[in-house]
């Protein structure tokens with residue numbers, strides 16, 4: 001299998017935080033969603049991948065150490081970070097002129113196609129744009145130099161639901177050639193329900209869940225029942241439980257087996273947000 005990104009024993013230590021021996025691989029043609037609460041280590045991981053910070057371990061991009069990438073290989077990485085690297089006085093035409101000098105594969109025709117499609121003003125400077133409009137510009141810039149790997153940190157933050165849908169559709173098409181890949185972090189976990197092939201859940205600098213999205217869809221389940229009925233459920237039948245005043249919520253890892261044992265109970269697929277909550281707060 002071809003991997004566009006490989007992270008091996010990634011460790012980064014700060015006085016009050018440690019990124020602790022992360023390991024994962026991003027295959028060509030796939031999308032990995034990196035989730036977790038604020039401070040879990042997602043942005044630190046991305047900074048290490050982009051070689052913006054010192055770290056221990058090894059990171060390979062396109063099967064090459066990320067310290068040793070050629071200029072052409074670096075140009076094959078599209079990046080969307082929270083901070084914009086564009087001056088606020090620039091307009092869309094200025095940005096196009098800059099980008100076509102930065103990237104030998106800059107696709108001006110595609111860039112302006114997205115500008116028109118997403119109704120981005122061409123005669124106004126970035127300082128006049130809303131946060132959502134600025135994010136649109138960053139996303140179309142990242143994809144218009146025809147990269148093979150997209151590294152996206154909260155790319156749908158501040159976007160309206162319609163544009164989020166359009167962006168997610170763009171990402172799905174981007175990997176449909178089975179050559180390109182995306183690593184995306186987001187607090188809007190519902191976005192990943194539609195596009196992610198794999199989910200990596202981080203907490204306090206560690207990966208606490210790394211699984212294919214289809215496993216979550218096909219195997220995981222949630223059961224809500226009154227506390228008074230909890231004694232009727234074998235403790236080995238669920239992996240986590242959250243207890244409220246009168247009810248409790250059970251996380252099931254093998255819903256087929258559970259339904260065979262308890263056919264009278266309703267079981268449903270967990271959202272990624274519910275899964276995060278149960279894994280972190282459940283017992």
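The values are calculated or read from the model by the stated rules, or taken from the named source; none is laboratory data. The structure presented is a predicted model; accordingly, all values stated were derived computationally and were not measured. Every residue, glycine as well, gets a Cβ built from its backbone with ideal geometry; the counts of neighbours run over all protein chains shown.
Taking residues in the range 44-57 that are within 12 Å of residue 20 (Cβ to Cβ), and partners anywhere that are part of a helix (DSSP H, G or I), the pairs with Cβ atoms closer than 6 Å and at least 6 places apart or on different chains are 55/48. Put simply, of 50, 19 the only residue that is touching a strand residue (DSSP E or B) at 6+ places or on another chain (Cβ under 8 Å), buried (at least 17 other Cβ atoms within 10 Å of the Cβ), at pLDDT 95 or above and over 19 Å from residue 209 (Cβ atoms) is 50.
Among the helices (runs of 4 or more DSSP H) contained in the range 22-136, which hold 1 or more residues that are in the same structural domain as residue 167 (by TED's automatic domain parsing) and within 30 Å of residue 1 (Cβ to Cβ)? Where helices (runs of 4 or more DSSP H) fall fully within the range 22-136 and carry at least 1 residues being in the same structural domain as residue 167 (by TED's automatic domain parsing) and within 30 Å of residue 1 (Cβ to Cβ), they are 42-49, 71-75, 108-117. Within the range 222-233, the presence of a residue that is within 24 Å of residue 20 (Cβ to Cβ) and under 26 Å from the mean Cα position of the chain (by Cα) is excluded. Residues in the range 148-183 that are closer than 18 Å to residue 3 by Cα and either in a loop (DSSP other than H, G, I, E, B) or modelled with pLDDT under 90 (or both): 148, 175, 176, 177, 178, 179, 180. Of everything in the range 61-84 that is surrounded by fewer than 17 Cβ atoms within 10 Å (Cβ to Cβ), without any contact (Cβ under 8 Å) to a residue 60 or more places away in the chain and in contact with a strand residue (DSSP E or B) (Cβ under 9 Å, 6 or more places away or on another chain), the residue that is nearest to residue 24 (Cα to Cα) is 65.
For the structure I just gave you, tell me whether residue 39 is in contact (Cβ under 8 Å) with a residue 12 or more places away in the chain, closer than 16 Å to residue 153 by Cα and surrounded by fewer than 17 Cβ atoms within 10 Å (Cβ to Cβ). Criteria met by residue 39.
Residues in the range 227-260 that are over 30 Å from residue 191 (Cβ atoms) and either touching a residue at least 60 places away in the same chain (Cβ under 8 Å) or surrounded by fewer than 11 Cβ atoms within 10 Å (Cβ to Cβ) (or both): 228, 231, 232, 234, 235, 236, 245, 246, 260. Within the range 189-208, if we keep just the residues that are touching a helix residue (DSSP H, G or I) at 6+ places or on another chain (Cβ under 8 Å) and surrounded by fewer than 16 Cβ atoms within 10 Å (Cβ to Cβ), the residue that is farthest from residue 35 (Cα to Cα) turns out to be 194. For first residues located in the range 171-182 and at positive phi, partners that are at pLDDT 95 or above and buried (at least 22 other Cβ atoms within 10 Å of the Cβ) and lie 6+ apart or on another chain with Cβ distances below 7 Å do not occur.
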